[in-house]
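Notes follow once the structure below has been shown.
The values are calculated or read from the model by the stated rules, or taken from the named source; none is laboratory data. As the structure is a prediction and not an experimental result, all values here were calculated from the model. No Cβ is skipped: glycine too gets one built from the backbone with ideal geometry, and neighbour counts run over all protein chains shown. With ligands, DNA and RNA removed, areas are computed over all heavy atoms of the protein, side chains included. Shrake-Rupley method; radii C 1.70, N 1.55, O 1.52, S 1.80 Å.
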Amino acid sequence: SVAPASMVFYYGQTGLLYKVPGCLPSTWEISCGGAGEAVKHNLKFFGQAVTDGAVFAALADPAPDYVRGHHCSLWLDPIASAAGTTEIADLGFSFKAIISGGRKPVWHLSNQVPDTFSHGRWGGSMHLVIEANTAMLSYLGDVLDATVNPLGLAARIRMTNGSDTFDLDFAGQVIKPPKLLTYVDGITTVEFDMLPVYSSQAAFLSCWKAS
């Protein structure tokens, strides 16, 4: 977001409570290691100085909907195509998406805590491990054949709890040399390590997109 909304974190218990105001995320990692594992989120924030003396508002216990690997789907297309066109169906996969917003705290002279932040370029990476079949091995061949311009792919990972859906789109290139064949639980797999690039596809003018 161009104008992100900050968050406030509270920690402790009644009578001994601390607060960190003005928190903004700098890195967001989303990962899942397999069908029965949970989709995990790991966010790193920066904010203002920690203060004490905060009070809890009346809060109800959350009732989260858990999302696991078998609630996820994967699409893989050429980078200039619309993400979400070609589903990788009936194949096991795992993923790790690291989204970097490029935000950093900014200090000015005489300030003990940051008084603003700067926007940088979006970055990060996408790591995919996919069960091998003829189509996946063909992708691997395309990576090896791309000796001048790296292979560009548009990936979509869809996570759902049955009623709500979260789509994470990524446009990137396979820059790192691929591991030709790997094995997970006795299954032959293909791995793609991708770095983000700007997609010229009209519906996806970025390297990351969420909906």
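Quick look at the values:
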{"read-out": "Qualifying positions in the stretch 102-114 - out of contact with any strand residue (DSSP E or B) (no Cβ under 7 Å at 6 or more places or on another chain) and closer than 22 Å to Val50 by Cβ", "value": "Trp107, His108, Ser110, Asn111, Gln112, Val113"}
{"read-out": "Filtered residues of the stretch 157-182 (kept if without any contact (Cβ under 8 Å) to a residue 24 or more places away in the chain and within 17 Å of the chain's Cα centre (by Cα))", "value": "Thr165"}
{"read-out": "Candidate set: the stretch 92-134, residues that are aliphatic (A, V, I, L, M) and surrounded by 14 or more Cβ atoms within 10 Å (Cβ to Cβ); chosen: the one farthest from Ile79 (Cα to Cα)", "value": "Ala132"}
{"read-out": "Number of positions in the stretch 160-182 that are over 18 Å from Asp193 (Cβ atoms) and either modelled with pLDDT under 90 or open to solvent by 50 Å² or more (accessible area, probe 1.4 Å) (or both)", "value": "7"}
{"read-out": "Residue in the stretch 1-30 that is nearest to Gly102 (Cα to Cα), counting only those that are open to solvent by 90 Å² or more (accessible area, probe 1.4 Å) and of a type in the set (Val, Ile, Thr)", "value": "Val2"}
{"read-out": "Residue ID - modelled with the highest pLDDT, chosen from residues in the stretch 183-203 that are hydrophobic (A, V, I, L, M, F, W, C) and surrounded by fewer than 20 Cβ atoms within 10 Å (Cβ to Cβ)", "value": "Leu195"}
{"read-out": "Pairs, first part of a helix (DSSP H, G or I) in the stretch 138-156, second open to solvent by less than 40 Å² (accessible area, probe 1.4 Å), C-beta under 6 Å, six or more apart", "value": "Leu140/Val190; Asp142/Leu151; Val143/Leu151; Val143/Val174; Val143/Pro178"}
{"read-out": "Test result for His127, out of contact with any Cys (no Cβ under 8 Å at 6 or more places or on another chain) and assigned to a strand (DSSP E or B)", "value": "yes"}
{"read-out": "Filter result for the condition that a residue is surrounded by 13 or more Cβ atoms within 10 Å (Cβ to Cβ) and part of a loop (DSSP other than H, G, I, E, B), over Ala60, Ala82", "value": "Ala82"}
